[in-house]
Amino acid sequence: MTLSRKPKQCKTMGSVKDLEIIKKPTKDVIGIGRFHFSDRYSVFDWGEMPDHIDGKGAALCLMGAYCFERLEREGMNTHYRGLVTQDGKLVAFEELERPTNIMEFDLVNVFRPKTYKENGKLKYDYNIFTSNLRNYLIPLETIYRNGLPEGSSVFKRLEQGLITMEELGLDHYPKPDERLSKPIFDVSTKLEEKDRYVTWKEAQKIAGLTGEEVGEVKNLLLEVNETITQIASKAGLDNEDGKIEFALDPERRLMVVDVVGTLDECRFTYDGLHVSKEITRQFYRKTDWYSEVETLKKRAEIEGVQDWRKLRETNPPNLSSVLKTVTSELYKAAANDLTNRKMFDAPPLDEVVKKVEITQAKTDD
């Protein structure tokens, strides 16, 4: 049994987890927070989708905790403090007797850029972020890419001329499902209405980082990538790509924050088949709703509308009952295999992957 009730002081953070503030951070002192992972999910920046995936929240929580503890053992600085049990105790993953969906962590300040309009378009003012600021979330999402599976945003951006091979560090035009000889790093905004890919030079300016700190971010991104790749490989998974968030503590030391190494933060594949929430993305890409979402995002950008979702005319359809069930099994099985502990009642991952393949084949028909 997992902890599913959300305390009154919780507030929704994004669309898949809730934040409980135990101790507020100040300008110079770290606070304490707790993530309450839910069974909600989100795709294409829509927010909460109409279905809930049973067990997803607890599975993400345990995968994240296991990876954080591994990073800490290897000398990396993170905001992770531990897992909260049914009776409220703070424990390490190995001490956990049953699944939980609550993770405790060091809490930093989140400063949001100011918004304004220029020539009818929405713009963001990042002047609050300077090299003197401390104890804050870096307003960037960093992405490592070890491969380029079908569906990777890189292909669309290359086709549209939004990025070049040189900027990505590629020496040839990539093909879908290609494994890269060395990882490439991407970076996007984190606190804007719609995440926006930027250059590393722009990212440095946005976040108030020094050139040396940008180098530290890339080095730590590489270390985290290598560690998650090792963890995943023992479960038979290929770590294709993943997103990592960072913060600077009161001493302005870099630390890994949010969550790492889960099926929502990473794009894993098993013998070429997606083992992540990409399977739900693939389902929705075939719907009329997805076409509308893409159109609305472009329209909002042209019209300077801050929240493109306010333009919506239809809601996303529900997942099929079969796909919802197999997605639930996928999260639970992945958590069991990634952590090497059977914390959930689920078939082995290789069996679930076969179910996913069959389900997708029927959907295609």
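Worth a mention:
- Conditions (1) within 22 Å of residue 112 (Cβ to Cβ); (2) surrounded by 15 or more Cβ atoms within 10 Å (Cβ to Cβ): number failed by residue 231: (1)
Every residue, every condition in (1) closer than 28 Å to residue 295 by Cβ; (2) modelled with pLDDT under 90; (3) among the small types (Gly, Ala, Ser); (4) in a strand (DSSP E or B), yes or no:
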{"site": "166", "(1), (2), (3), (4)": "no, yes, no, no"}
{"site": "176", "(1), (2), (3), (4)": "yes, yes, no, no"}
{"site": "188", "(1), (2), (3), (4)": "yes, no, yes, yes"}
{"site": "205", "(1), (2), (3), (4)": "no, no, no, no"}
{"site": "212", "(1), (2), (3), (4)": "no, no, no, no"}
{"site": "223", "(1), (2), (3), (4)": "no, no, no, no"}
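- Considering residues of the range 333-345 that are without any contact (Cβ under 8 Å) to a residue 24 or more places away in the chain and crowded, with 21+ Cβ neighbours inside 10 Å only, the residue farthest from residue 322 (Cα to Cα): 336
- Single residue of the range 308-332 satisfying the filter (surrounded by 14 or more Cβ atoms within 10 Å (Cβ to Cβ) and hydroxyl-bearing (Ser, Thr, Tyr)) that is farthest from residue 238 (Cα to Cα): 320
- Taking the criterion of being within 19 Å of the chain's Cα centre (by Cα) and part of a loop (DSSP other than H, G, I, E, B), the residues of the range 77-111 that qualify are 77, 79, 101, 108, 110.
- Given (1) surrounded by 12 or more Cβ atoms within 10 Å (Cβ to Cβ); (2) within 30 Å of residue 250 (Cα to Cα), number of the condition residue 132 does not satisfy: (1)
- Close pairs from the range 10-35: first among the polar types (S, T, N, Q), partner modelled with pLDDT of 90 or more and assigned to a strand (DSSP E or B), Cβ under 9 Å, at least 6 apart: 12/18; 12/19; 26/109
- Restricted to the range 243-298, the set of strands (runs of 3 or more DSSP E) holding at least 2 residues that are crowded, with 19+ Cβ neighbours inside 10 Å and either at pLDDT below 95 or of a type in the set (D, E, K, R) (or both) comprises 266-270, 273-275.
- Any chance residue 124 is among the aromatic types (Phe, Trp, Tyr) and surrounded by fewer than 19 Cβ atoms within 10 Å (Cβ to Cβ): yes
- Extreme residue, farthest from residue 352 (Cα to Cα), among residues of the range 269-324 that are touching a Leu at 6+ places or on another chain (Cβ under 8 Å) and of a type in the set (Val, Ile, Thr): 305
- Residue in the range 134-148 that is under 21 Å from residue 76 (Cβ atoms), in contact with a helix residue (DSSP H, G or I) (Cβ under 7 Å, 6 or more places away or on another chain), in a helix (DSSP H, G or I) and among the aliphatic types (A, V, I, L, M) present: no
The values are calculated or read from the model by the stated rules, or taken from the named source; none is laboratory data. Small disclaimer: the values here were computed from a predicted structure and weren't measured. Glycine also receives a Cβ, built like all others from the backbone with ideal geometry; neighbour counts cover every protein chain displayed.
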